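The values are calculated or read from the model by the stated rules, or taken from the named source; none is laboratory data. Note that this is a predicted model, so its numbers are computed, not measured. In this analysis, Cβ positions are derived from the backbone assuming ideal geometry, glycine residues included, and neighbour counts consider all displayed protein chains.
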Amino acid sequence: MSHVAAAALGAIAGATIFIGLPIGRVRGVSRALQGFLNAVATGVLIFLLWDILTHAVSPVETALAAFAHEVRTPLTGILAISNLLATSELDERERRWVDTIKAGAEHLASLATLFVDAARSGGLKF
């Protein structure tokens, strides 16, 4: 739905609510007119909400996939360098540093993989 169409439907919903509130307080107006105005306003608002929610998912999935890719690429390099460092001669303190780097990078890589999997599976659908 375009921004113009959403604005038009919002204006219709707002107008029916704006008109419906004073009419609801007037005693001479039929229940049918009151019910019709309430139904139109409610229907338009529900439609707008549904449209916004269904279109909000795609940008989130794209952002998650891009974020995960941007994180996983450098993490692959960090893991490769830490594996190389682990094969070299290190004292105990340096080995703990390398193990800490590897553990942190592996944890971040697993989180990035979860993001990618969620974006690909469409697990964010409403």
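Taking Phe47 as meeting all but one of (1) surrounded by fewer than 14 Cβ atoms within 10 Å (Cβ to Cβ); (2) part of a helix (DSSP H, G or I), write down the number of the exception.
(1)
Might you check whether a residue that is surrounded by fewer than 11 Cβ atoms within 10 Å (Cβ to Cβ) and within 30 Å of Ala6 (Cβ to Cβ) occurs anywhere in the stretch 50-69? Talk me through it step by step, then tell me what you get.
In the first step, residues of the stretch 50-69 are kept if they are surrounded by fewer than 11 Cβ atoms within 10 Å (Cβ to Cβ); the result is 59.
Pick out the ones that are also within 30 Å of Ala6 (Cβ to Cβ) and you get 59.
Scanning the stretch 50-69, I find at least one residue that is surrounded by fewer than 11 Cβ atoms within 10 Å (Cβ to Cβ) and within 30 Å of Ala6 (Cβ to Cβ), so the answer is yes.
I need a count of the residues in the stretch 84-106 that are under 18 Å from Pro74 (Cβ atoms) and surrounded by 11 or more Cβ atoms within 10 Å (Cβ to Cβ).
Looking only at the stretch 84-106, we keep the residues that are under 18 Å from Pro74 (Cβ atoms), and these are 84-85, 98, 100-106.
Filter once more, so that each one left must be surrounded by 11 or more Cβ atoms within 10 Å (Cβ to Cβ): 85, 98, 100-106.
The qualifying residues number 9.
Taking into account only those residues within the stretch 43-62 that are touching a residue at least 12 places away in the same chain (Cβ under 8 Å) and among the polar types (S, T, N, Q), which is nearest to Ala13 (Cα to Cα)?
Within the stretch 43-62, the match that is nearest to Ala13 (Cα to Cα) is Thr54.
Each row is one residue, and each column tells you yes or no for (1) modelled with pLDDT of 75 or more; (2) within 22 Å of Ala118 (Cα to Cα); (3) polar (S, T, N, Q).
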position	(1), (2), (3)
Leu21	no, no, no
Ser30	yes, no, yes
Phe36	yes, no, no
Val40	no, no, no
Ile46	yes, no, no
Val60	no, yes, no
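Just for the stretch 107-126: of the residues that are more than 13 Å from the chain's Cα centre (by Cα) and modelled with pLDDT under 80, which one is surrounded by the most Cβ atoms within 10 Å (Cβ to Cβ)? Talk me through it step by step, then tell me what you get.
At the first step, the residues of the stretch 107-126 found to be more than 13 Å from the chain's Cα centre (by Cα) are 107-114, 116-117, 120-121.
Next, from what is left, pick out any that are modelled with pLDDT under 80: 116-117, 120-121.
Details: Val116: 17, Asp117: 12, Arg120: 12, Ser121: 10.
The qualifying residue surrounded by the most Cβ atoms within 10 Å (Cβ to Cβ) is Val116.
Give the stretch 70-100 a look and list any residue that's within 22 Å of Val116 (Cβ to Cβ), among the aliphatic types (A, V, I, L, M) and touching a helix residue (DSSP H, G or I) at 6+ places or on another chain (Cβ under 9 Å), or say none.
Selection gives Val71, Leu75, Ile78, Leu79.
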